[in-house]
1. Select from the range 2-32 the residues that are polar (S, T, N, Q) and in a helix (DSSP H, G or I) and write down the one among them that is surrounded by the fewest Cβ atoms within 10 Å (Cβ to Cβ).
2. Evaluate the range 8-18: report whether one residue or more is in contact with a strand residue (DSSP E or B) (Cβ under 6 Å, 6 or more places away or on another chain), within 13 Å of ILE59 (Cα to Cα) and of a type outside the set (Lys, Arg).
3. Could you list, in sequence order, all residues of the range 57-73 that are surrounded by fewer than 11 Cβ atoms within 10 Å (Cβ to Cβ) and modelled with pLDDT of 95 or more?
4. Name the one entry in VAL55, VAL69, VAL42 that is in a helix (DSSP H, G or I) and among the β-branched types (Val, Ile, Thr).
Amino acid sequence: MVAIERRVVHQREQLILRIAEEYRQMAGLSLTQAQARRLFQVDAERFPRLLHELVERGIIRLTPDGLLVRGTE
C-alpha cells in the first residue's frame with residue numbers, strides 16, 4: 001500500500017513539474033481550465049486539487065476572467 005501511495009505522489013509531482021516547465025517555456029501561455037485539463041491530460045475530478053496546489057506554489061495564477069497564466073515562482 002505504501003508503494004502505491006509513493007507512486008501516486010511521484011506521478012503527481014512529475015505532472016506539477018511538467019506543467020511548471022510548460023509555463024516557463026511559453027511565457028505568454030494563457031489557458032482556460034478546460035484547455036489546461038485537456039493539454040495536461042487531467043480528469044475533471046482531480047483537476048481542482050491540482051489547480052489549488054499549482055496556485056499555492058506560485059506556478060500559475062488565475063486572472064480575474066478565469067484564465068490560467070504563469071505565476072510568480
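1. Applying the first criterion (polar (S, T, N, Q)) to the range 2-32 yields 11, 14, 25, 30, 32.
Remaining after also requiring in a helix (DSSP H, G or I): 11, 14, 25.
Working: GLN11: 10, GLN14: 10, GLN25: 8.
Residue satisfying both the conditions and the ranking: GLN25.
2. Keep residues of the range 8-18 that are in contact with a strand residue (DSSP E or B) (Cβ under 6 Å, 6 or more places away or on another chain), which gives none.
No, there is no match, as no residue in the range 8-18 is in contact with a strand residue (DSSP E or B) (Cβ under 6 Å, 6 or more places away or on another chain), within 13 Å of ILE59 (Cα to Cα) and of a type outside the set (Lys, Arg).
3. Restricting attention to the range 57-73, the residues satisfying the condition of being surrounded by fewer than 11 Cβ atoms within 10 Å (Cβ to Cβ) are 63-66, 72.
THR63, PRO64, ASP65, listed by residue number.
4. VAL55 is the lone residue from the list that is in a helix (DSSP H, G or I) and among the β-branched types (Val, Ile, Thr).
The values are calculated or read from the model by the stated rules, or taken from the named source; none is laboratory data. From a predicted model like this one, the values you see are computed outputs, not experimental measurements. Heads up, the Cβs are rebuilt from the backbone with ideal geometry, glycines too, and the neighbour counts pull from every protein chain shown.
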